[in-house]
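Okay, so here's the structure we're looking at.
The values are calculated or read from the model by the stated rules, or taken from the named source; none is laboratory data. This one's a predicted model, so the numbers in the text were calculated from it and none came from an experiment. Cβ atoms come from the backbone with ideal geometry, glycine included; neighbour counts cover every protein chain shown. When the accessible area is computed, the model is the full protein with side chains, heavy atoms only, and any ligands, DNA or RNA have been set aside. Shrake-Rupley method; radii C 1.70, N 1.55, O 1.52, S 1.80 Å.
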Amino acid sequence: MSGSTFGTLFRVTTWGESHGPGVGVVIDGCPAGIPLSEQDIQQFLDRRKPGQSKYTTKRNESDSVEILSGVFEGTTTGTPISLLVRNQDQRSRDYGNIATSYRPGHADYCFDQKYGFRDYRGGGRSSGRETIGRVAAGAIASKLLGELGIVLTTYAKSIGPVTVDEADYDFTEITNNSFYLPNKNAAKKAAEYVSTLMEQMDSCGGLIECRVDHLPAGLGEPVFDKLDALLAQAIMSIGAVKGVEIGDGFQSASSTGSTNNDPFCMQQGQVMKTSNHSGGTLGGMSDGSQLILRAAIKPTPSISQMQHTVTNSGEEIELSIHGRHDPIIVPRAVVVVEAMTALTLADLLLRNAVSRMNQIKQLYAEDKNV
């Protein structure tokens, strides 16, 4: 199976299955000299681990990370960083009834068609548990970004029909509710809505928004490796994501040029924009303003309601999916979206370091003076 590696200079490769001994990631290309501990990574993993509230799966996993290589005396060494999270609470028996059945909304049928074989225990590589490696790597990418003063803020903008208007954002509220919503009243409405769906053995989706501050202008390439394009690839590679937009996104289609354009101005000797409809990108490159992206998350496909499907022998059946599943993926996916954004930006920052000859000269001139 190819396609488990992401990035050009800051490269990550995730590995492992949902019900195997463990999952993990190898990060290659991380610069030496970044302070890094297991706790730096753990605080990211704790945001996605199961069992945080009644609205998440009851699978009991500590998701404790182990650094196997690439760090010495609390600092990255420049060598590959290998991270391991052991699986502790697998219940493969919960998936016995879908060993030969294709779950609606899952990758089961596609896996069989592509490989002629699939790991039916929780979906194997297509399980949401694969994102542990992404989040662990994203924690390291965020450390790199933090060294440059770049800050990411990620939260749920909507849960089902409950949406928070930008004028009502309260970022201090994000970690005070189970849904990572930036509004207390919206969180209460979301709790009522999701609780009703749980009674009906159903699920819902939502919208995740990520904002990046203090990003320098010029990240990304003008043609195929646009910042927009790489972010879209990164975010769309998350299993539950069905759409990505940057800035005004799909609203731009009903706008006009005079409204959608962001006028430039000078503020304190710096080129700035008076608005940010573009969401921080122009021509495939960052423009120095706040980067704003959103990811549409589909409803959890694993529901207990009876659904019509077929078996791998072509028999039509009714199927109820058992096991421990999230009635909503959004809260645990917030940090996954943040991680993939951080990985994309970290890679582009390293690539951008050699985009101009004067930067290369400055780097090696400094080395000679040491």
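Here are some residues: 279, 288. Which one is within 19 Å of residue 219 (Cα to Cα) and without any contact (Cβ under 8 Å) to a residue 40 or more places away in the chain?
After applying the criteria, what remains is 279.
List the strands (runs of 3 or more DSSP E) inside region 154-273, counting only whole elements, that have at least 1 residues being more than 25 Å from residue 43 (Cα to Cα) and either among the aromatic types (Phe, Trp, Tyr) or over 24 Å from the mean Cα position of the chain (by Cα) (or both).
Answer list for region 154-273: 264-267, 270-273.
Within region 5-16, is even one residue open to solvent by 70 Å² or more (accessible area, probe 1.4 Å), in a loop (DSSP other than H, G, I, E, B) and free of Cβ contacts under 8 Å to residues at least 40 places away in the same chain?
no
Conditions: (1) in contact with a Pro (Cβ under 6 Å, 6 or more places away or on another chain); (2) within 20 Å of residue 11 (Cβ to Cβ). Residue 155 meets all but one. Number of the miss?
If we test residue 155 against (1) in contact with a Pro (Cβ under 6 Å, 6 or more places away or on another chain); (2) within 20 Å of residue 11 (Cβ to Cβ), just (2) comes out false.
Any chance you could count how many residues in region 86-115 are under 21 Å from residue 203 (Cα atoms), open to solvent by 20 Å² or more (accessible area, probe 1.4 Å), of a type outside the set (A, V, I, L, M) and at pLDDT 85 or above?
Result for region 86-115: 4.
Evaluate the following for residue 118: is it at pLDDT 75 or above, in contact with a helix residue (DSSP H, G or I) (Cβ under 6 Å, 6 or more places away or on another chain) and of a type in the set (Lys, Arg)?
For residue 118, the condition - at pLDDT 75 or above, in contact with a helix residue (DSSP H, G or I) (Cβ under 6 Å, 6 or more places away or on another chain) and of a type in the set (Lys, Arg) - is met.
Open to solvent by less than 10 Å² (accessible area, probe 1.4 Å) and touching a helix residue (DSSP H, G or I) at 6+ places or on another chain (Cβ under 7 Å): is that true of residue 337 in this structure?
yes
Look at residue 120 and say whether it is open to solvent by 20 Å² or more (accessible area, probe 1.4 Å), outside any helix (DSSP H, G or I), of a type outside the set (A, V, I, L, M, F, W, C) and in contact with a Pro (Cβ under 6 Å, 6 or more places away or on another chain).
No: the conditions fail for residue 120.
Return the total of residues in region 131-149 being open to solvent by 10 Å² or more (accessible area, probe 1.4 Å) and either at pLDDT below 95 or of a type in the set (Val, Ile, Thr) (or both).
Of the residues in region 131-149, 1 are open to solvent by 10 Å² or more (accessible area, probe 1.4 Å) and either at pLDDT below 95 or of a type in the set (Val, Ile, Thr) (or both).
Only one residue in 199, 221 is surrounded by fewer than 21 Cβ atoms within 10 Å (Cβ to Cβ) and without any contact (Cβ under 8 Å) to a residue 12 or more places away in the chain, so which one is that?
199 is the lone residue from the list that is surrounded by fewer than 21 Cβ atoms within 10 Å (Cβ to Cβ) and without any contact (Cβ under 8 Å) to a residue 12 or more places away in the chain.
Please find, among 271, 310, the residue that is free of Cβ contacts under 8 Å to residues at least 60 places away in the same chain and not polar (S, T, N, Q).
Result: 271 is the single residue among 271, 310 that is free of Cβ contacts under 8 Å to residues at least 60 places away in the same chain and not polar (S, T, N, Q).
Filtering region 296-319 down to residues that are open to solvent by less than 30 Å² (accessible area, probe 1.4 Å) and among the aliphatic types (A, V, I, L, M), which residue is nearest to the chain's Cα centre (by Cα)?
Here the answer is 297.
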